[in-house]
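Some notes on the structure that comes next.
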Amino acid sequence: MEKEWKIYTKTGDKGETSLIGGTRVPKYHDRIEAYGTVDELISYIGLIRDQEINKDLKIVLIEIQDRLMTCASILATDCSDCKVKIPEMYDSDVEKLEKEIDKMNEELPPLTSFILPGGHTTVSYCHIARNVCRRSERLAIKVQSQYKNSEKVIKYLNRLSDYLFVLSRKLSIDLNAKEIPWTPRV
């Protein structure tokens, strides 16, 4: 049996934490900001999963949470030859999201304008998650510009934000919520 994790270690009491690999950094470090935002996204995906939605969607959302844990691990890694095995992202992870998007899109009316988020609490949760996902992507790009290890994370987050948008549209239909198109005042 593995050693039980202790919840508090007191090693962060002075505003620093360790990356995977042992490097100590301030808690406002770009990597911490990036994987912390992915962690926030994981929680929002859990909130969507906890709603009254299709069982198959819940299974996909659990897989997405798992992939996001991998993304967070990659963003938290600061070693080229780590002693610990780091999970990996694969092109197939992005392809899975694309297949799910295409499957949902088959049931949706064509998109002709931007949509105002809302109409049902569950739909709004999807839009919040989409926005957190976009922030995660921006932060991962910032990490990538300095450390060069998160190309697949960026691609996954980019596609995931598309998935969350299409999911919001699908759930609008499933939950009989009205989509309100944005009509610019010009």
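A few points about this structure:
- When only Cα pairs below 8 angstrom with a gap of at least 6 residues are kept, segment 113-186 shows a relative contact order of 52 percent.
- Relative contact order [Cα under 8 Å, 6+ residues apart], segment 1-76, whole percent: 32
- Excluding exposed DSSP-loop GluC sites (Glu not before Pro) (at most 13 other C-beta within 10 Å), longest clean stretch of the chain: 108-186
- Residues whose placed amide H lies under 5 Å from that of ILE115, excluding near-sequence neighbours: TRP182
- Rounded to the nearest 0.05, the FRET efficiency derived from the C-beta distance between LYS14 and ILE62 at R0 = 41 Å is 0.65.
- Comparing ILE173, ILE59, ILE45 in a Gaussian network model of the chain where C-alpha atoms under 10 Å apart are linked, the largest mean-square fluctuation is found at ILE59.
- Of LYS27/LYS58; LYS27/LYS83; LYS3/LYS96; LYS14/LYS142; LYS3/LYS85, those spanning more than 27 Å from alpha-carbon to alpha-carbon: LYS27/LYS58; LYS3/LYS96
- Sites listed here are chymotrypsin sites (Phe, Trp or Tyr not before Pro) in segment 118-186 whose DSSP assignment is loop and whose Cβ has at most 11 other Cβ atoms within 10 Å: TRP182.
- For segment 1-155, relative contact order (Cα pairs under 8 Å, six or more residues apart, normalised by length) works out to 30 percent.
- Neighbour-limited loop hits for chymotrypsin sites (Phe, Trp or Tyr not before Pro), segment 8-65 (at most 14 other Cβ within 10 Å; DSSP other than H, G, I, E, B): TYR8, TYR28
- Anisotropy class of segment 24-84 from Cα gyration tensor, a/c 1.5 cut: oblate
- The structure shown yields Cα extents along the principal axes in Å, and of the options (i) 48, 43, 32; (ii) 50, 46, 32; (iii) 48, 39, 28 that calculated value carries the label (ii).
- For the residues THR17, THR122, THR37, a GNM of the chain with alpha-carbon springs under 10 Å puts the largest fluctuation on THR17.
- Kirkwood Rh, Cα atoms: Rg over Rh of segment 83-126: 1.18
- Taking 4.7 Å between C-beta atoms as the pairing limit, the chain has these partnerless cysteines: CYS71, CYS126, CYS133.
- Inter-part distance where segment 14-57 and segment 81-140 are each reduced to a Cα centre, Å: 15
- Dipole moment magnitude, nearest 20 debye, segment 1-136 about Cα centre, only Lys, Arg, Asp, Glu C-beta charged: 560
Bear in mind that the values in this text are calculations on the coordinates, not laboratory data. Note that the structure is predicted; figures quoted are calculated from it, not measured. FYI the Cβ positions are ideal-geometry reconstructions off the backbone, even for glycines, and counts take in every protein chain you see.
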